[in-house]
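Values in this text are rule-based calculations from the coordinates and carry no lab data. Please read these numbers as outputs of a predicted model, since none were measured by experiment. Counting neighbours? That spans all protein chains shown, and the Cβs are built from the backbone with ideal geometry, glycine included.
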Amino acid sequence: MREQLKSLVEKHGPRVRDLRWTIHRNPELSYQEEKTAVLVADTLRELGLEVRTGVGGHGVVGLLEGGHPGPCVALRADMDALPMEEKTGLPNASTVKGVMHACGHDAHTAMLLGAAFVLADMRKDLRGSVKFVFQPAEEGNPKGGAPGMIADGVLENPRVGAMFGLHVWPALETGTVATKAGALMGASDRLFITVTGKAAHGSEPENGVDGIAISAQMISALQTIVSRNVSPLDSAVVTIGTIKGGNRYNVIASEVVMEGTVRTVTPDVQDAMPSRIQGIAEGVARGMGGDCRVEYVKGYPPLMNDPELVKTAFSALEKVFGAEKVLRVEKPALGGEDFSFFSREVPGLFMWLGTRPGAVSKDEAAPLHNPGFVADEASLPLGVEAMVSCVLEYLEG
């Protein structure tokens, strides 16, 4: 079967590219992926797959039965876009004002459809079955789209034995791929803090309790959690991204509202964060004569790669990219990824696919979630071949 693979990837390459640009021109936000879901479902039905729609919202699942009995393996791609105006200048740029595929989910969806094309051509030789999981709302933190699909039975009938996924990664050059065992990406939690003080005239601070001054001290104190409560061998970030308080230049602010994010890479550190943050926030506020309310919302858990699947993936990927182009990630990224919900339920393997043209330096490449981001078109066939190779390696193993 492996002899067929490259020729089949090449055969379906033009359609994969066309699908990618169709999706890119017509982006849809999280929980709104109606047209994308219809395109995906119709394409899968053309291949004769058993198709389920409305899975966990606008999710779509295609089931391909192989010609021989065996386990079930799943491949996953996300479909949603981001609320930002595209600034790539491309002829195929988004036609939807204020919405673009700035995280590469258009490429992910097209590559997974490409994998379905290739594996459908190989179905009579497959020893098992393949589920193609097209997920909505990956950007919908803290809820996300994976939990709804899991609740709707995406991992059952037949039961999924392993799941593979990938993300385009502009920090890596096209033609490379990277992953690691254990934590690959971080938990992404949300933090809301409301500081309560007492209003007074700005010329008489002794008659009030300054919510802005409390907030300033609180932001600094929260950073001691990372420097003094988390082991230097672990990773964590506490970021306050917005702060809103006061309504006039000469009035002591009686209320300040802050929002932020907390990123961790181990379940133990994630679990310890809420109480530590609340203790520091309340201590600072009350020590300065005010009060506060803390709301900590757990989002995506850390993305943990199964060690045995990592071995399977490295064996498969080296046949596609060459051993020197399959990279072992040294440190996890703290960006969140809701593939993590799937990998808590079944053995999972997530990888980063290089998508930066060789002529473009890291400093020049637009990062993910940037209005200038675009995934290198040359990475599309590599992503298709990577996913199919992982499926074949798993089913043949």
Share of Cα-Cα pairs in the stretch 189-300 beyond 22 Å, whole percent, is 33 percent
Amide H contacts under 5 Å for A102, restricted to residues at least 5 apart in sequence or on another chain and with H modeled in the peptide plane, are L82
Among P142, S235, H68, the residue whose Cα sits farthest towards the positive end of the charge dipole of the chain (+1 at Cβ of Lys and Arg, -1 at Cβ of Asp and Glu, taken about the Cα centre) is H68
Per the C-alpha gyration tensor (a ≥ b ≥ c, the square roots of its eigenvalues), the stretch 321-397 is rounded if a/c is under 1.5, else prolate if a/b beats b/c, else oblate; here it's oblate
1/(1 + (r/R0)^6) with r = Cβ-Cβ of Q217 and T22, R0 = 35 Å, i.e. FRET efficiency to nearest 0.05, evaluates to 0.10
With label points set 7 Å from each Cα along the Cα-to-Cβ direction at V96 and V257, the distance between them in nm comes to 2.7 nm
The size of the Cβ-based charge dipole (Lys, Arg +1; Asp, Glu -1) of the stretch 8-60 about the Cα centre, to the nearest 20 debye, is 160 debye
Computed about the Cα centre, the charge dipole of the stretch 189-300 from +1 Lys/Arg and -1 Asp/Glu charges at the Cβ has a magnitude in debye, to the nearest 20, of 120 debye
Measuring from its Cα centre, the chain shows a charge dipole (+1 at each Lys and Arg Cβ, -1 at each Asp and Glu Cβ) which, in debye to the nearest 20, is 180 debye
Over all Cα pairs of the chain, the Kirkwood radius sets Rh, and Rg/Rh then becomes 1.05
With a 21 Å threshold on alpha-carbon distance, the violating pairs from K11/K325; K11/K319; K298/K362; K331/K362; K143/K311 are K11/K325; K298/K362; K143/K311
Neighbour-count ranking for T194, T239, T355 (other C-beta within 10 angstrom, fewest to most) reads T239, T194, T355
Those helices of the chain passing the 30 Å axial Cα length cut-off and the mean Kyte-Doolittle cut-off of -0.5 (DSSP H runs only) are 267-287
The percentage of Cα-Cα pairs in the stretch 80-228 separated by more than 29 Å is 47 percent
Checked the stretch 1-84 against the a/c 1.5 cut and the a/b vs b/c comparison, axes a ≥ b ≥ c from its Cα gyration tensor; verdict oblate
Looking only at aspartates and glutamates whose Cα falls under 13 Å of K198's and that sit 8 or more positions away or on another chain, we get E206, D210, E255, D291
Here the gain from full extension of L233 to K362, 0.36 nm per residue of separation minus their alpha-carbon distance, amounts to 43.8 nm
Largest fluctuation, V384, V60, V346 only, Gaussian network model of the chain with Cα springs under 10 angstrom, belongs to V346
So for the stretch 68-148, using the alpha carbon gyration tensor with a ≥ b ≥ c as root eigenvalues (a/c under 1.5 gives rounded; past that, a/b versus b/c decides prolate or oblate), I'd call it oblate
In this structure, the FRET efficiency calculated for D42 and A323 from their beta-carbon separation, with R0 = 30 Å, to the nearest 0.05, is 0.15
The chain: antiparallel bridges as % of DSSP beta bridges, rounded to 5, reads 65 percent
The farthest towards the positive end of the charge dipole of the stretch 189-300, of the residues G246, A200, G279, given +1 on Cβ of Lys and Arg and -1 on Cβ of Asp and Glu, is G246
Expected sort for 129-136, 253-260 on mean C-beta neighbours within 10 Å, highest first, is 129-136, 253-260
Checking rank on 366-375, 7-16, 71-80, with mean other Cβ inside 10 Å and highest first, the result is 71-80, 366-375, 7-16
